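S.K.: Take this structure first; my questions come after.
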Amino acid sequence: MSEEPSEVEVQAAAAAPAGPGERGMRPLEAIERAHVKAPTRGNRKLEALLGGMNADPEVRGWWHMAQLNSERLAMSDHSWVHVQIVLNIALRLLRLLVKGGVSPAMVADHGMRDRDAEVVVASGALLHDVGMSIHRADHEAYSLFLAERKLRELLADVYPDGERTVVIAECLHAIIGHRRRGEPYTVEAGVVRVADALDMAHGRSRIPVEAGQVGIHSISAAAIDSIDIAAGESKAVRIEIAMNNSAGVFQVDDLLATKLRNTPLAEHVEVVATVEGEAEKRLLSEFRIGG
């Protein structure tokens, strides 16, 4: 990245755990290794939120169970690693948007500060998939009732009662807005939705690919080499996606474009995807149905 490269690439790379996943791990072992990091830039409210999440065994247990259910279903990564990647991408997107003159809802609608918008975005990123600890179907809705109570606990000393109610409502809107038909109304919710879609690089497909269960989601994820998020020239944000195979277009069109359209971010973000090199990488030697 041309600006603050560590926010996505370094944090994500440093977080990736060794091994095939979390099935077979004892709960306390899995919970112990779950620890997310992100640049807070002196935002004490954000620091308090991150510190509270990392110190909370219940939240970390939800992250563990979300990944375990993901592995049971041979899905892509939904662990704390995914949470950390989405968190870092979301904060980067929000900061670039603000730098580009886009006002988040916490500022435009509530007269609060950009730093409060960071709390909303971080809360949405950190808790958007905790409902996966219960079930995949309608997991976004399950995330709401888990997150509402937890945010009341974690933000108790950060915001007074009236403000905390507003902040939590915006956080919950960001969580429910990340589903496919989420229809986010705010910049913050749009940021969480797009950040979730941008965790598309090949590392996310490690579980199904290693298990020999391949499909368009895992193959297309394996085709994504890198994602660069920077300030754009004509728009606030430019996202460049480097692919080793054109199969990655599925990730870009079906997943990212679907989540970007009809959000407050759509007019402020440009996306460019290219296939690197003269020849495409071979991702699949054979594909069979039946037999």
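Please treat every number below as a calculation from the coordinates, not as lab data. Please read these numbers as outputs of a predicted model, since none were measured by experiment. In this analysis, Cβ positions are derived from the backbone assuming ideal geometry, glycine residues included, and neighbour counts consider all displayed protein chains.
S.K.: Project the alpha carbons of the range 29-84 onto their principal axes and report the range along each, largest first, in whole Å.
M.R.: Taking max minus min along each principal axis of the Cα atoms, the range 29-84 gives 39, 19, 14 Å.
S.K.: Per 5 Å bin from zero, what fraction in whole % of the C-alpha pairs of the range 59-166 is there, up to the bin with the longest pair?
M.R.: Cα pair-distance distribution for the range 59-166, in percent: 2, 12, 20, 20, 18, 14, 9, 4, 1.
S.K.: I've got another one for you. What is the range 99-157 by shape, rounded, prolate or oblate, if you read a ≥ b ≥ c off the alpha carbon gyration tensor as root eigenvalues and call it rounded for a/c under 1.5, prolate for a/b larger than b/c, and oblate otherwise? Spell out each step's value before the answer.
M.R.: Working: a/c = 3.06, a/b = 1.86, b/c = 1.64.
It is prolate, given that a/c is not under 1.5 and a/b is the larger ratio.
S.K.: If the cut-off is a Cα-Cα distance under 21 Å, which lysines reach K45, setting aside same-chain residues fewer than 8 apart in sequence?
M.R.: Counting by Cα, and skipping residues close in sequence, K45 has these lysines nearby: K37, K99, K150.
S.K.: Show the residues, 5+ positions off or on another chain, whose built amide H is closer than 5 Å to the amide H of V271.
M.R.: Distant-sequence amide H within range of V271: I239.
S.K.: Let me check I have the definition right: for the range 63-105, take the eigenvalues of the Cα gyration tensor, multiply each by 5, take square roots. What are those semi-axes in whole Å, largest first? Intermediate results must be reported in sequence, preceding the final value.
M.R.: Numbers: eigenvalues 191, 13, 12 Å².
That gives 31, 8, 8 Å for the three semi-axes.
S.K.: Given R₀ = 22 Å, FRET efficiency for A108-N54 by Cβ-Cβ distance, to 0.05?
M.R.: Details: r = 31 Å, r/R0 = 1.39.
Given R0 = 22 Å and the Cβ-Cβ separation, E is 0.10.
S.K.: Through the Karplus equation 6.51 cos²θ - 1.76 cosθ + 1.60, θ set to phi - 60°, convert the phi angles of the range 73-84 into ³J(HN,Hα) values in whole Hz; use x for Gly and Pro.
M.R.: 9, 6, 9, 5, 4, 10, 7, 5, 5, 4, 4, 5
S.K.: Which of the peptides 108-115, 261-268, 87-94 is most tightly packed, and how do the rest follow, going by the mean number of other Cβ atoms within 10 Å of each residue? Please report the intermediate quantities before stating the final value.
M.R.: On the way: 108-115: 14.5, 261-268: 16.0, 87-94: 26.8.
Top of the packing list down: 87-94, 261-268, 108-115.
S.K.: Now for a different question. Suppose every Lys and Arg Cβ carries +1 and every Asp and Glu Cβ carries -1, with no other charges. What dipole size does the range 121-168 come out with about its Cα centre, to the nearest 20 debye?
M.R.: With Lys and Arg at +1 and Asp and Glu at -1, about 100 debye.
S.K.: Can you tally the net charge around A189? Count Lys and Arg as +1, Asp and Glu as -1, for every other residue whose Cβ sits under 10 Å from the Cβ of A189. Can you show the working numbers first?
M.R.: Working: positive: R193; negative: E170, E183, E188.
Once positives and negatives cancel, what remains is -2.
S.K.: Spelling out what I want: for every residue of the range 246-256, take phi, set θ = phi - 60°, compute 6.51 cos²θ - 1.76 cosθ + 1.60 (Karplus), and round to whole Hz; glycine and proline get x.
M.R.: Coupling constants for the range 246-256: 5, 4, x, 4, 4, 4, 6, 7, 6, 9, 5 Hz.
S.K.: Also, quick follow-up: Which of K235, K281 comes first, and how do the rest follow, when ranked by fewest Cβ neighbours within 10 Å?
M.R.: K281, K235
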